[in-house]
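Below is one structure; the comments refer to it alone.
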Amino acid sequence: TQLLEQSPQFLSIQEGENLTVYCNSSSVFSSLQWYRQEPGEGPVLLVTVVTGGEVKKLKRLTFQFGDARKDSSLHITAAQPGDTGLYLCAGEDAGNNRKLIWGLGTSLAVNP
Amino acid sequence: GAVVSQHPSWVICKSGTSVKIECRSLDFQATTMFWYRQFPKQSLMLMATSNEGSKATYEQGVEKDKFLINHASLTLSTLTVTSAHPEDSSFYICSADLGTSGGNEQFFGPGTRLTVL
């Protein structure tokens, strides 16, 4: 069974601080996605990483896929209150079923 | 592109009644849609995979007779919560898969808040 461990589960920081969220697994994923969700809304796709070692940047967000494609990280530089939300990582299930394996999520609060 | 709508956005019903939630892909065709349930500040829990023109595939522990799924067209999947009870109160979210081979990206609807009294 594929599992995706996400940490930390909760994070409360001050505006301007940096943070990193981790997703780790003992399984290899062919791709991994990061989503952000605000209360009362559906998740919004931020990025998909496919290649081992890949680094993608989205403004102040940096996403990295591990060389072995078993782990990923999301780093936010100079966090702002608008970054507050639930961040979810999801890996592509190894079975040919189009399902995603979801991390437990990181609830981020950025205080002004 | 890749917009998914969900209706209704919220519903309150009495215990014992049935509630239907619609999920539509507005600008693309989706042979595969997914239905999730989510509790506050928690991750998504996959309930079932909805396949156009065939029976849905339910996850372990999800009662298929209670959560009826119909994917009658390439742009519409419905979830019916039958004989709803207070413990069914939750945030239900659908997603649609673009069906591309370069990563199973899913695009989500805005969710439906169900409250069963």
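Of the strands (runs of 3 or more DSSP E) lying entirely inside segment B:49-117, those containing at least 2 residues that are of a type outside the set (G, A, S) and away from every other protein chain (no Cβ under 14 Å) span B:67-73, B:76-81. Across segment A:71-95, the qualifying residues are those that are part of a loop (DSSP other than H, G, I, E, B) and more than 21 Å from B:L44 (Cβ to Cβ), and the one among them that is most open to solvent (accessible area, probe 1.4 Å) is A:Q80.
How many of the residues making up segment A:85-108 are without any contact (Cβ under 8 Å) to a residue 24 or more places away in the chain and under 17 Å from B:C94 (Cα atoms)?
So the answer is 3.
Condition check ((1) surrounded by 19 or more Cβ atoms within 10 Å (Cβ to Cβ); (2) at pLDDT 90 or above) across all residues:
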| residue | (1), (2) |
| --- | --- |
| B:S25 | yes, yes |
| B:A30 | yes, no |
| B:Q60 | no, yes |
| B:E63 | no, yes |
| B:N70 | no, yes |
| B:L79 | yes, yes |
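The single condition among (1) touching a strand residue (DSSP E or B) at 6+ places or on another chain (Cβ under 9 Å); (2) of a type outside the set (D, E, K, R); (3) open to solvent by 30 Å² or more (accessible area, probe 1.4 Å) that A:A68 does not satisfy is (1). One residue stands out in segment B:8-21 among those that are part of a strand (DSSP E or B) and surrounded by fewer than 16 Cβ atoms within 10 Å (Cβ to Cβ): the one that is nearest to the other protein chains (Cβ to nearest Cβ), namely B:W10.
Quick grid of which residues meet (1) among the acidic types (D, E); (2) in contact (Cβ under 8 Å) with a residue 60 or more places away in the chain; (3) out of contact with any strand residue (DSSP E or B) (no Cβ under 6 Å at 6 or more places or on another chain):
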site	(1), (2), (3)
B:K20	no, yes, no
B:F28	no, yes, yes
B:Y36	no, no, no
B:P40	no, no, yes
B:M47	no, no, no
B:S54	no, no, yes
B:Q60	no, no, yes
B:E63	yes, no, yes
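Listed conditions (1) surrounded by fewer than 16 Cβ atoms within 10 Å (Cβ to Cβ); (2) modelled with pLDDT of 95 or more; (3) within 14 Å of another protein chain (Cβ to nearest Cβ); (4) in contact with an Asp or Glu (Cβ under 9 Å, 6 or more places away or on another chain) are all met by A:S12, apart from (4). In segment A:96-112, the residue that is farthest from A:E15 (Cα to Cα) out of those that are more than 10 Å from every other protein chain (Cβ to nearest Cβ) and open to solvent by 60 Å² or more (accessible area, probe 1.4 Å) is A:N96.
The values are calculated or read from the model by the stated rules, or taken from the named source; none is laboratory data. Keep in mind the model is a prediction, meaning the values are calculated, not measured. No Cβ is skipped: glycine too gets one built from the backbone with ideal geometry, and neighbour counts run over all protein chains shown. For accessibility, only protein heavy atoms count, side chains too; no ligands or nucleic acids. Shrake-Rupley method; radii C 1.70, N 1.55, O 1.52, S 1.80 Å.
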